[in-house]
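Written below as structure tokens is the structure these notes are about.
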Amino acid sequence: MTKRVTILGSTGSIGESTLDLVRRAEPGDIQVVALTANSNAELLAAQAVEFDAKFVALADEKNAASLKAALSGTNTEIGIGSEALIEAASRQADFCMAAIIGAAGLEPTLAAVDQGIHVGLANKECLVCAGDLFMQRVKEKGATLLPVDSEHNAIFQVLERDKPEGVRRLILTASGGPFRETSLETLRKVTREDALNHPVWSMGAKISIDSATLMNKGLELIEASYLFERPSAEIDIVVHPQSIIHSMVEYIDGSVLAQLGSPDMRTPIAYAMGWPDRMAAPVERLDLTKLSGLTFFEPDTKKFPALRLAREALEAGGKAPCVLNAANEIAVAAFLEGQIKFLDIARVVENALDQHAARSCFGTSPGHVNDIIVTDEDARLTAHEHIVSL
Ligand code: NDP
């Protein structure tokens, strides 16, 4: 049977890897329903033509004219603006890959969840800023959430979900990013290019910076807590520079189950898109005899305070993870634009958390998308004001 697939964020790193698998599938196995982008009209149009997409949505209106010109004479329908992203996610599909970056992905991903279909979740920020609400919606609508983050995908593969009482802890692995061995002194001077140069994974700019600060692991900690319904105390993080073991589950009898593979996002993407069946992925095969050694270290939260901040936000609960995420998005964008230094990223996030804690003590979890939008905007403003004052 043909699987109808929508990709939110098709022009990004995860989006392109997903389309690479679609390209390699047997003819007729996969039909592309909808594709979306923020502003990359040229690539979106090329993808629409190659995959004969029924609908494309472009969030940023500035490039609408060039998208329309590129797709004139084709059968692809075009939508512009943030409402069009929701329309793309609402078009009937069997599988939706949620691969928009940041909190901007929340509402479109919820629209996909509302269809009660299989949703491949790469956009971890939507669980970070709206964890309770998001998981509640998944349950209500009967959607199946398939984690695409390699760590969560690994846990999903080895976790006995119907016997939670047997699980002792989850162990998320972290590559440690490009600055694992860099001194704090040198970290003060690292450049945008240094930070974008991840030693193992090839990813989009924002997640590459998050990997360098270890905020990515902090966001993943929060994501894991909501996805697998485990408190912070039952989720450990271990640095594993080779990124061969993608994460582990420890059971009460002492067994530790791990998922291994080459560091290539097409494996977890294929797992999510194919589920419950396995789908072939053209990744380098793991040759255990050629592995020179697998090493593990404790993360250094003094050098990488973002990880501590994320754990504190998870433990504080309520709106704290939403504030953490919003301030981080603003700080990373400012770093990428050369407005702040690398070590300022965590400072901006910590300041936003402190200010919001002093004002509201974070309260309860946001119960409505509008509460999240208000908290998110408020935290962005706090982060902006701090950046301007630095
Ligand atoms: P990219 O930056 O490469 O791509 C992001 C995608 O989202 C692009 O299609 C982009 O469009 C679109 N987009 C950006 N901003 C907006 C917006 N405001 N509104 C609508 N669409 C927008 O990101 P990645 O592919 O690296 O990451 C996507 C998600 O997957 C993130 O949440 C990330 O944390 C997660 N992830 C990524 C991994 C990776 O290996 N890359 C690994 C694990 C998780 P345009 O091209 O037009 O800007």
Take every Cα pair under 8 Å in the stretch 205-308 that's 6+ residues apart, average their separations, divide by the length, and report that relative contact order as a whole percent.
-> 31
Pick from 22, 148, 374: which is most flexible by mean-square fluctuation in a GNM of the chain where alpha carbon atoms under 10 Å apart are linked?
-> 374
Going by a ≥ b ≥ c, the root eigenvalues of the Cα gyration tensor, does the stretch 92-153 fall in the rounded group (a/c under 1.5), the prolate group (a/b larger than b/c) or the oblate group?
-> rounded
What residue among 238, 190, 146 has its Cα farthest toward the positive end of the dipole of the stretch 118-259, where the charges are +1 on Lys, Arg and -1 on Asp, Glu, each on the Cβ?
-> 190
So which residue, out of 102, 120, 142, gets the largest mean-square fluctuation from a GNM of the chain using Cα contacts under 10 Å as springs?
-> 142
Could you give me the percent of Cα pairs per 10 Å distance bin for the stretch 297-390, shortest bin first, beginning at zero and ending with the bin that holds the maximum distance?
-> 18, 50, 27, 5, 0
Taking every DSSP beta bridge that has both residues in the chain, what percent is antiparallel when rounded to the nearest 5?
-> 25
How much length, in nm to one decimal, is gained on full extension between residue 141 and residue 370, taken as 0.36 nm per residue of separation minus their Cα-Cα distance?
-> 80.5 nm
Using the membrane-span-like helix rule (whole DSSP H runs, Cα extent along the own axis of at least 18 Å, mean Kyte-Doolittle hydropathy at least -1.0), which helices of the chain qualify?
-> 124-141, 215-228, 320-336, 344-360, 369-389
What number, in percent, do you get for the relative contact order of the stretch 242-390 if the mean sequence gap of Cα pairs under 8 Å and at least 6 apart is divided by its residue count?
-> 19
Where chymotrypsin sites (Phe, Trp or Tyr not before Pro) fall in DSSP loop in the stretch 252-329, at most 16 other Cβ within 10 Å | 296
If you average the sequence gap of Cα pairs under 8 Å that are 6 or more apart and divide by the length of the chain, what percent do you get for the contact order?
-> 14
Three-way shape label, the chain, alpha-carbon gyration tensor, a/c 1.5 | rounded
Taking the chain and a Cβ-Cβ threshold of 4.7 Å, the cysteines left without a partner are 96, 126, 361
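Two decimals is fine: what's Rg over Rh for the stretch 232-291, C-alpha atoms, Kirkwood radius as Rh?
On the Cα set of the stretch 232-291, Rg over Rh gives 1.01.
Pairs to check: 124/303; 217/290; 139/319; 206/302; 62/141; 206/303. Give those whose C-alpha atoms are more than 26 Å from each other in this structure.
Beyond 26 Å between Cα atoms: 217/290; 62/141.
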Span from the the stretch 223-264 Cα centroid across to the the stretch 29-68 one, whole angstrom = 36
Rounded if a/c is under 1.5, else prolate if a/b beats b/c, else oblate: with a ≥ b ≥ c from the C-alpha gyration tensor eigenvalues square-rooted, which is the stretch 1-109?
-> oblate
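Each reported figure results from applying straightforward, stated rules to the coordinates on display, with no laboratory input. As the structure is a prediction and not an experimental result, all values here were calculated from the model. FYI the Cβ positions are ideal-geometry reconstructions off the backbone, even for glycines, and counts take in every protein chain you see.
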